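What follows is a set of notes on a single structure, which appears directly below.
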Amino acid sequence: MSIAKNISNIQADLSQADQTVELVAVSKKQPMSRLYEALDAGHRVFGENRVQEAQTHWSDIRRDAKYPDLRLHLIGPLQSNKVKDAVALFDVIETIDREKIARKVSEELQKQTKTLNCYIQVNTGAENQKSGILPQDLPDFLTFCQQDCDLNIIGLMCIPPIDEPPAVHFALLHKLANKNSLLKLSMGMSSDYKKALPLGTTSVRLGTAVFGAREAI
Ligand SMILES: *Cc1c(COP(=O)(O)O)cnc(C)c1O
């Protein structure tokens, strides 16, 4: 199956939803040839989970006048020493997950006189090893991001626990977004995005469904 065909099949699925759903093609651990295949197919919105790998993949393409509408989403945890590079490269940061990072992103945006859209990552399963704000801490953290840091928070993002039905977590994230007057929901990966569609997702993050299996690096 070609990447162009994968993308058009996925877009057909997404168009079945009541709401508009954006496809973020997750290009981590994929060879450059596949990135170009997606670009040649007209796709412009990509997700990466590591800043350094994203730079390797996208810095040159970002500067290429052929792709003025390229949009890059950071979907992995952000370390403070990577914030400067992340703010310079990405258009959307989906993983605002603690005060220190919110503050740092805010400072960097000022320094670079840039604006970008952010999501708050919510740890819907309250898993110890997973980053994200606990559901009960969301209202205070949102206020902190908006009022103290002046971040443009557009929505919520989650990664459900692997051993639980994802729909429960998608429904919870939807409820939290509604309660907090946020419009966007980044939820759904290759294995579960079809379940996220009826639960209000507005953005799915798909790697293997778009590109095929990742390289083991
Ligand atoms: C890798 C990754 C994805 C994509 O995973 P697939 O199963 O390949 O679709 C989505 N979201 C996050 C946060 C990821 O790290």
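The values are calculated or read from the model by the stated rules, or taken from the named source; none is laboratory data. Predicted, not measured: the structure shown is a model, and the values here were computed from it. Neighbour counts are summed over all protein chains in view; Cβ atoms, including those assigned to glycine, are modelled from backbone coordinates with ideal geometry. Remember, those area values only see protein heavy atoms, side chains included, never the ligands or the DNA or RNA. Shrake-Rupley method; radii C 1.70, N 1.55, O 1.52, S 1.80 Å.
Evaluated with a Cβ-only charge set (Lys, Arg +1; Asp, Glu -1), the chain carries a dipole of roughly 260 debye about its Cα centre, given to the nearest 20. From helices alone, the chain scores -10500 deg cm²/dmol at 222 nm; the rule is -39500 (n - 2.57) for each run of n ≥ 4 DSSP H residues, then divide by the residue total.
Taking Cβ atoms as reference points and 14 Å as the exclusive limit, the residues near T113 contribute a net charge of 0, counting Lys and Arg as +1 and Asp and Glu as -1.
With all protein chains in place and a 1.4 Å probe, the accessible surface of segment 13-52 carries 38 percent carbon and sulfur. Given a 1.4 Å probe and the protein chains as shown, F170 ends up with an accessible area of around 0 Å².
Largest first and in whole Å, what are the equivalent-ellipsoid semi-axes of segment 34-153 based on the Cα gyration tensor, each being the root of 5 times an eigenvalue? Show your work: numbers first, answer last.
Values: eigenvalues 143, 54, 29 Å².
Rounded to whole Å, the semi-axes are 27, 16, 12.
Solvent exposure of segment 71-169, expressed per residue, is 47 Å² of accessible area, with all protein chains present and a 1.4 angstrom probe. Computed with every protein chain present, the accessible area of K84 is close to 130 Å² [probe 1.4 Å]. Return the sequence-ordered ³J(HN,Hα) values of segment 165-175 in whole Hz as given by the Karplus equation 6.51 cos²θ - 1.76 cosθ + 1.60 applied to θ = phi - 60°, using x for Gly and Pro. Couplings: x, x, 4, 4, 6, 5, 5, 5, 5, 4, 4 Hz. Within the chain, the proportion of Cα pairs with more than 30 Å between them is 19 percent. Please state the shape class of segment 1-104: rounded when a/c is under 1.5, otherwise prolate if a/b exceeds b/c and oblate if not, all from the C-alpha gyration tensor. It is oblate, given that a/c is not under 1.5 and a/b is not larger than b/c. Centre-to-centre separation between the Cα atoms of segment 142-178 and those of segment 1-78: 22 Å.
Using just the alpha carbons, could you tell me how many Å³ per residue the convex hull of segment 108-217 encloses?
Expressed per residue, the convex hull around the Cα atoms of segment 108-217 is 143 Å³.
In this structure Y36 has an accessible area near 90 Å², from a 1.4 Å probe over the protein heavy atoms.
Per residue, the solvent-accessible area of segment 1-63 (1.4 Å probe, heavy atoms of protein chains only, all protein chains present) comes to 50 Å².
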